[in-house]
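The values are calculated or read from the model by the stated rules, or taken from the named source; none is laboratory data. What you see is a predicted model; the values in this text were computed from it and never measured. Ideal geometry is used to build each Cβ from the backbone, glycine not excepted, and the neighbour counts take in all protein chains shown.
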């Protein structure tokens, strides 16, 4: 067992964990074997700075392999230095080789069968990763977790948050794949109101007090405009989903935050620019 003092407030215990990436003072990378996914999952733990901490909030992030390209560690360092956010344990979950099968909506795959392993990924997050993190920081983890992601990883984070509000209270969706649908848009039977899977889940669900939603879209996320209204689909899909949330009782500005980035693209550079807005909105100091 390696017991490493991270700061003056508590000890973090690393036991039987294999370090697989170069580490910094505030980032540790480990492999976790998942029985649900039948593979090992690489996870980066971004720890708060060396100050006294007696409680930790947790943010899980899908597509953790993209965080380096966003300069995520530098973003956190600057926010802490400016006293802009509260201490936060960020957990970057690297996607596996079957990303398009593991991410999605757990209740049903899309029209091409993508997302068929989303129930297993949900099991990994809820039944394997969550207890692992709690065991690493006994007595320090607060109850209200958050989950964020990018593109298809954003859809996955929203789906898991919506299905497990007893654990996750905040979600961040960056350029979310909210077009995820049960019927191809080229099919003459296709209707937005009937075949977008996440919108249907929100519509069929119920209001859960305390949930908060952050959505980011770039005006250059894509070029598709299936209804020819002059607005790209990713923005239409996001705004339509926010309307479904409002119909459930969630309030824009209080429960829902929307960030539209002029010139923003579907890439880590744009998401890195949006990340400080999300972190300061979700965990203001």
_Qualifying residues in region 207-226 (those that are surrounded by 22 or more Cβ atoms within 10 Å (Cβ to Cβ) and more than 14 Å from the chain's Cα centre (by Cα)) - the one nearest to residue 256 (Cα to Cα)_ = 217
*Select from region 136-154 the residues that are part of a strand (DSSP E or B) and at pLDDT 95 or above and write down the one among them that is surrounded by the most Cβ atoms within 10 Å (Cβ to Cβ).*
149
*asked:* Can you pull out every residue in region 212-226 that is within 30 Å of residue 167 (Cβ to Cβ) and in a loop (DSSP other than H, G, I, E, B)?
replied: 221
_Given the condition within 19 Å of the chain's Cα centre (by Cα) and more than 20 Å from residue 161 (Cβ to Cβ), answer yes or no: does some residue in region 87-96 qualify?_
yes
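Yes/no matrix, rows are residues, columns are (1) assigned to a loop (DSSP other than H, G, I, E, B); (2) touching a helix residue (DSSP H, G or I) at 6+ places or on another chain (Cβ under 6 Å); (3) under 28 Å from residue 113 (Cα atoms):
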{"site": "183", "(1), (2), (3)": "yes, yes, yes"}
{"site": "190", "(1), (2), (3)": "yes, no, yes"}
{"site": "199", "(1), (2), (3)": "no, yes, yes"}
{"site": "210", "(1), (2), (3)": "yes, no, no"}
{"site": "228", "(1), (2), (3)": "yes, no, yes"}
{"site": "239", "(1), (2), (3)": "no, no, yes"}
{"site": "254", "(1), (2), (3)": "yes, no, no"}
*asked:* If I ask for residues that are in contact with a strand residue (DSSP E or B) (Cβ under 9 Å, 6 or more places away or on another chain) and without any contact (Cβ under 8 Å) to a residue 12 or more places away in the chain, which ones from region 244-285 would you list?
replied: 246, 252, 254, 267
_So for region 271-285 (the condition being modelled with pLDDT under 95 and more than 18 Å from the chain's Cα centre (by Cα)), does at least one residue qualify?_
yes
*asked:* Restricting to region 227-240, give me the number of residues that are over 20 Å from residue 264 (Cα atoms) and in contact (Cβ under 8 Å) with a residue 12 or more places away in the chain.
replied: 1
*Can you find even one residue in region 48-69 that is surrounded by fewer than 18 Cβ atoms within 10 Å (Cβ to Cβ), in a helix (DSSP H, G or I), more than 16 Å from the chain's Cα centre (by Cα) and free of Cβ contacts under 8 Å to residues at least 60 places away in the same chain?*
no
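Matching residues to (1) free of Cβ contacts under 8 Å to residues at least 60 places away in the same chain; (2) in a helix (DSSP H, G or I); (3) in contact with a strand residue (DSSP E or B) (Cβ under 6 Å, 6 or more places away or on another chain):
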site	(1), (2), (3)
120	no, yes, no
123	no, yes, no
126	yes, yes, no
134	yes, yes, yes
*So residue 204 fits all but one of (1) crowded, with 16+ Cβ neighbours inside 10 Å; (2) more than 30 Å from residue 90 (Cα to Cα); (3) modelled with pLDDT of 95 or more; what number is the exception?*
(1)
_What are the pairs with Cβ atoms under 9 angstrom where one residue, in region 82-103, is at positive phi and at pLDDT 95 or above and the other, located anywhere, is part of a loop (DSSP other than H, G, I, E, B) and buried (at least 20 other Cβ atoms within 10 Å of the Cβ)? Sequence gap at least six, or different chains._
none
